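Engineer: Have a look at this one before I ask anything.
Every read-out reported here was derived from the displayed coordinates using simple, explicitly stated rules and does not represent laboratory data. Please read these numbers as outputs of a predicted model, since none were measured by experiment. When we count neighbours, we look across all protein chains shown, and the Cβ atoms used for this are built from the backbone with ideal geometry, even at glycine.
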Amino acid sequence: KAGVTQTPRYLIKTRGQQVTLSCSPISGHRSVSWYQQTPGQGLQFLFEYFSETQRNKGNFPGRFSGRQFSNSRSEMNVSTLELGDSALYLCASSLGQGMSGYTFGSGTRLTVV
Amino acid sequence: KQEVTQIPAALSVPEGENLVLNCSFTDSAIYNLQWFRQDPGKGLTSLLLIQSSQREQTSGRLNASLDKSSGRSTLYIAASQPGDSATYLCAPPANQAGTALIFGKGTTLSVSS
């Protein structure tokens, strides 16, 4: 069974630009959540989508947004990129019920120059 | 607010040793707790998911326990191997809905041959 697929694997962007990352969850999983990982802050929760609705949101500025499509695929967008947005962005999928576990993708490495 | 602490932050052992990684969390109203492994620059690999109704969960040489009342979980690795070298992360949910995970800083394990 296919795992969680994130594209692209690597990105280099310039300050001020915007970027869109994509995540395809495991078939049958309706929940997709996004995390940012940096050496300083570790893994931090960005937001979670379930059946095309944002159910939970972390403490990030409004420049970070996301959406989920009817096929459960999700995209994350970061506008007006800052150097501090350089990070590994990880997507996780789950069945969406409170007791189910999460499966993570390999991540997208974003570098802002 | 859920907070997670992992001790030790780093561990270096010779091959063959049995070892214990500790995780403590502040909000014990959780349905489950998940342990992950992360290799450098990679995504997260799920190791074990313990439901709150379980006290232990085992997979091969790995055994994880969960004590909600004390806010602690332990990952036991038997007969460590160089291939076990990685960062180990524990992640309880941020809330009872289980829509987000909160991560500790992890324990970085190095097993020498």
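Engineer: Take every Cα-Cα distance within the stretch A:69-113, group them into 10 Å bins from 0 onward, and report for each bin the whole-number percent of pairs it holds.
Structural biologist: 22, 42, 27, 9, 0
Engineer: Given Cβ point charges of +1 (Lys, Arg) and -1 (Asp, Glu) and nothing else, what value in debye, to the nearest 20, does the dipole of the stretch B:47-107 about its Cα centre take?
Structural biologist: Dipole about the Cα centre, nearest 20: 100 debye.
Engineer: Still on this model: What are the ³J(HN,Hα) couplings of the stretch B:53-66, residue after residue, when phi is run through the Karplus curve with 6.51, -1.76, 1.60 and θ = phi - 60°? Round to Hz, x for glycine and proline.
Structural biologist: Each residue of the stretch B:53-66 in turn: 7, 9, 9, 9, 8, 10, 8, x, 8, 9, 9, 10, 10, 9 Hz.
Engineer: Need one number for the stretch B:1-43: average projected area of the convex hull over its C-alpha atoms, nm². Please list the in-between numbers first.
Structural biologist: Working: hull surface 18.4 nm².
Computing the convex hull of the Cα atoms and averaging its projections yields 4.6 nm².
Engineer: Only residues of the stretch B:74-89 count here: report those whose backbone N is under 20 Å from the spot 7 Å along Cα→Cβ of B:Glu15, or say none.
Structural biologist: Residues passing the 20 Å test: B:77-87.
Engineer: Work out how much length A:Leu11 to A:Arg109 would gain on full extension: take 0.36 nm times their residue separation and subtract the Cα-Cα distance, in nm to one decimal.
Structural biologist: Values: separation 98, 0.36 × 98 = 35.28 nm, distance 0.62 nm.
Roughly 34.7 nm would be gained on extension.
Engineer: Next question, about the same structure. For the pair A:Leu83 and B:Ser52, how long in nm is the line joining their label points, each one 7 Å along Cα→Cβ?
Structural biologist: 4.5
Engineer: Let me ask another. Name the lysines eligible as straight-distance cross-link partners of A:Lys57: C-alpha to C-alpha under 23 Å, and not fewer than 8 places from it in the same chain.
Structural biologist: Partners found: B:Lys1, B:Lys105.
Engineer: Follow-up. Take every DSSP beta bridge whose two residues both sit in chain B, then give the antiparallel share in percent to the nearest 5.
Structural biologist: On the way: 36 of 41 bridges.
Given both bridge residues lie in chain B, the antiparallel proportion sits at roughly 90 percent.
Engineer: Related question: For the stretch A:1-84, with equal point scatterers placed on the C-alpha atoms only and solvent neglected, what are the log10 I(q)/I(0) values from the Debye formula at q = 0.15, 0.21 1/Å, to two decimals?
Structural biologist: Reported log10 I(q)/I(0), two decimals: -0.57, -1.08.
Engineer: Follow-up. How much length is gained if the chain between B:Ile7 and B:Gln81 is pulled fully straight, taking 0.36 nm per residue apart and subtracting their Cα-Cα distance, in nm to one decimal?
Structural biologist: 24.6 nm
Engineer: Kirkwood-based Rg over Rh for the protein assembly as shown (C-alpha set), two decimals? It would help to have the intermediate numbers written out before the result.
Structural biologist: Values: Rg = 17.4 Å, Rh = 17.9 Å.
Rg divided by Rh gives 0.97.
Engineer: Follow-up. I'd like to know how the stretch B:55-113 sits against the 2.2 N^0.38 Å rule of thumb: what's its Cα Rg over that expected value? Working shown, then result.
Structural biologist: Values: Rg = 13.3 Å, N = 59, 2.2 N^0.38 = 10.4 Å.
It is 1.29.
Engineer: Put +1 on the Cβ of every Lys and Arg and -1 on every Asp and Glu Cβ in the protein assembly as shown; which of B:Gly41, A:Gln17, A:Leu95 then has its Cα farthest towards the positive end of the dipole?
Structural biologist: Result: A:Gln17.
Engineer: Now for a separate question. Straight-line reach from A:Lys13: which lysines have Cα under 23 Å away, leaving out those fewer than 8 places along the same chain?
Structural biologist: Output for A:Lys13: B:Lys42.
Engineer: Another question, then. Kirkwood hydrodynamic radius of the stretch B:1-72 from all distinct Cα pairs, in Å? Each step should come with its number before you reach the end.
Structural biologist: On the way: mean 1/r = 0.0735 Å⁻¹.
Averaging 1/r across every pair of different Cα atoms and inverting gives 13.6 Å.
Engineer: Sticking with this structure for a sec: Determine the gain in length on full extension of the stretch A:Arg55-A:Gln97; use 0.36 nm per residue of separation and subtract their C-alpha separation, reporting nm with one decimal.
Structural biologist: Once the chain is fully extended between A:Arg55 and A:Gln97, it gains 13.9 nm.
Engineer: I would also like to ask the following. Let's see if you can work this out: charge +1 on each Lys and Arg Cβ, -1 on each Asp and Glu Cβ, no other charges. What is the dipole magnitude of the protein assembly as shown about its Cα centre, in debye to the nearest 20?
Structural biologist: Values: 19 positive and 13 negative charges, 106 e Å.
Approximately 520 debye in magnitude.
Engineer: Hey, what D do you get for the stretch A:31-71 in µm²/s if you plug the Kirkwood alpha-carbon radius into Stokes-Einstein at 4 °C and 1.567 mPa s?
Structural biologist: Working: Rh = 10.8 Å.
In µm²/s, the coefficient is 119.
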